[in-house]
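**Q** Quick one: this structure, given as structure tokens, is what I'll be asking you about.
A short reminder: the numbers here are calculations on the coordinates, not readings from a lab. This one's a predicted model, so the numbers in the text were calculated from it and none came from an experiment. Counting neighbours? That spans all protein chains shown, and the Cβs are built from the backbone with ideal geometry, glycine included.
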Amino acid sequence: MPLIEIRNACVAYGTPLRPVLEGIDLCIDEGEFVCVLGQTGCGKSTLLRLVLGSEKPMRGQVLVDGRVHEQPDRSRGYVPQKYSLFPDKTVLDNITFGPEVSEFNLLGRLTPRFYRRRQEFRREALEYLRRIGLQESDAGKYPDQLSGGMQQRVAIAQALITQPRILLMDEAFSALDSTTRRGMQHLLRQLWRNTGATILFVTHNAQEALSLGTRLIVLARESAASASRIVLDMAVPEPGGQQDVPQLVRRLERAATFSADPAEALSEQW
């Protein structure tokens, strides 16, 4: 049984309804690193929210581990495009906030057990700081004292400390400069290998999708008035193979555009 299964999911917004996604059928096995590629506004983030459980399809089903989830939970970590850090909390407090809130309500925070667990959470947070390439001295800093790359590393640690089976990342590196972005891509691949998490990574950058994932899904719409659907689902070629990477990038971009002749884009042999 796949870890994530989407069955004929359809989403529309607004009044009158504007179609966003139509007929999405998708199965993702545990441990896959799937990149979702597409132009701005094609529904990539909506697809991510369906898996997260923060949004429901108008029709169809979204199953995680064989069942429908009515809301987000610790099994699915989420890293948004814009940093999800609390500006009034230190790096350490930002990372431990999720586990503390999940395990203890307001009254529970008055018990001795909370203070014991809090120390455990902090030790774990310091370990994640090291894993994402930051120093223990960074733990007491506030977000405005960090660079963009450092803030995004902390956001990833926020998601990972809950040990999610699924990590959802929405254009997580798009605001970073090219050098920082390459470093974060390398870090993410390492974390994926070490944790065994299933990753669903949204991007509009074809080169990034080829560099990161083991599988690539392209979303596109036939016209401005139509909903997006999956127009391509392919395994990412292994690095160092015989494939012409620039040509692959061009073909991916053409498939994502899905404009002049969609049949031609879909007929390409991958």
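**Q** Enumerate the calculated ³J(HN,Hα) couplings along region 153-163 in order (Karplus 6.51 cos²θ - 1.76 cosθ + 1.60, θ = phi - 60°), each rounded to whole Hz, writing x wherever the residue is Gly or Pro.
**A** The phi angles translate into 4, 5, 4, 5, 4, 3, 6, 6, 5, 7, 6 Hz.
**Q** Now, a different point. Under the rule of at least 5 residues apart or a separate chain, name every residue whose amide H is placed under 5 Å from the amide H of Tyr78.
**A** Long-range HN contacts for Tyr78: Leu168.
**Q** Report, in deg cm²/dmol and to the nearest 500, the calculated mean residue ellipticity at 222 nm for the chain, where each DSSP H run with n ≥ 4 adds -39500 (n - 2.57) and the sum is divided by the residue count.
**A** On the way: 8 runs with 99 residues, N = 270.
It comes out at -11500 deg cm²/dmol, rounded to the nearest 500.
**Q** Where Lys and Arg each count +1 and Asp and Glu each count -1, what net charge lies around Gln81 among other residues with Cβ under 10 Å from its Cβ? Provide the component values of the computation, followed by the final result.
**A** Details: positive: Lys82; negative: Asp170, Glu171.
Net of charged neighbours comes to -1.
**Q** Give me D for region 165-231 in µm² s⁻¹, whole number, from Stokes-Einstein with Rh from the Kirkwood sum over alpha-carbon pairs, 10 °C and 1.306 mPa s. If you can, show how the numbers build up before the last one.
**A** Working: Rh = 13.3 Å.
Reported coefficient: 119 µm²/s.
**Q** Let me ask something else. Over every pair of different alpha-carbon atoms in region 84-163, take the mean of 1/r and invert it; report that Kirkwood radius in Å.
**A** Answer for region 84-163: a Kirkwood hydrodynamic radius of 12.7 Å.
**Q** If you take the square roots of the eigenvalues of the alpha-carbon gyration tensor of region 129-197 and sort them as a ≥ b ≥ c, do you get rounded (a/c under 1.5), prolate (a/b over b/c) or oblate? Write out the running numbers ahead of the final one.
**A** Working: a/c = 1.66, a/b = 1.20, b/c = 1.38.
Oblate is the answer for region 129-197, as a/c is 1.5 or above yet b/c matches or exceeds a/b.
**Q** Using the Karplus curve 6.51 cos²θ - 1.76 cosθ + 1.60 with θ = phi - 60°, what ³J(HN,Hα) values do you get for each residue of region 222-229, in whole Hz, with x for Gly and Pro?
**A** Whole-Hz 3J(HN,Hα) from phi for region 222-229: 6, 8, 4, 8, 9, 7, 7, 9.
**Q** Assuming a ≥ b ≥ c are the square roots of the Cα gyration tensor eigenvalues, decide whether region 131-255 counts as rounded (a/c under 1.5), prolate (otherwise, with a/b larger than b/c) or oblate.
**A** On the way: a/c = 1.98, a/b = 1.77, b/c = 1.12.
Here region 131-255 falls in the prolate category.
**Q** A further question follows. Based on a Kirkwood Rh over C-alpha pairs, give the Stokes-Einstein translational diffusion coefficient of the chain at 25 °C and viscosity 0.890 mPa s in µm²/s. Can you show the working numbers first?
**A** Values: Rh = 19.8 Å.
Taking Rh from Cα pairs, D becomes 124 µm²/s.
**Q** Taking 1 over the mean of 1/r across every pair of different Cα atoms in region 1-143, what Kirkwood radius in Å do you get?
**A** Details: mean 1/r = 0.0556 Å⁻¹.
Roughly 18.0 Å, rounded to one decimal.
**Q** Here's a follow-up. Give me a comma-separated list of calculated 3J(HN,Hα) values for region 183-196, in order, Karplus coefficients 6.51, -1.76, 1.60 applied at θ = phi - 60°, integers in Hz, x for any Gly or Pro.
**A** Per residue, the Karplus-derived 3J(HN,Hα) values read x, 5, 4, 5, 4, 5, 4, 4, 4, 4, 5, 6, 9, x Hz.
**Q** Which of Asp88, Asp29 comes first, and how do the rest follow, when ranked by fewest Cβ neighbours within 10 Å? Could the numbers behind the result be given before it?
**A** Working: Asp88 9, Asp29 12.
Fewest-to-most ranking of Asp88, Asp29: Asp88, Asp29.
**Q** Angle between the Cα long axis of helix 245-257 and the longest principal axis of the chain, 0 to 90 degrees, nearest 10?
**A** Once rounded, the angle reads 80 degrees.
**Q** Simple spin-label model, 7 Å along Cα-to-Cβ: Lys89 to Gln190 in nm?
**A** Each label point is offset 7 Å from its Cα along the Cβ direction, giving 2.5 nm.
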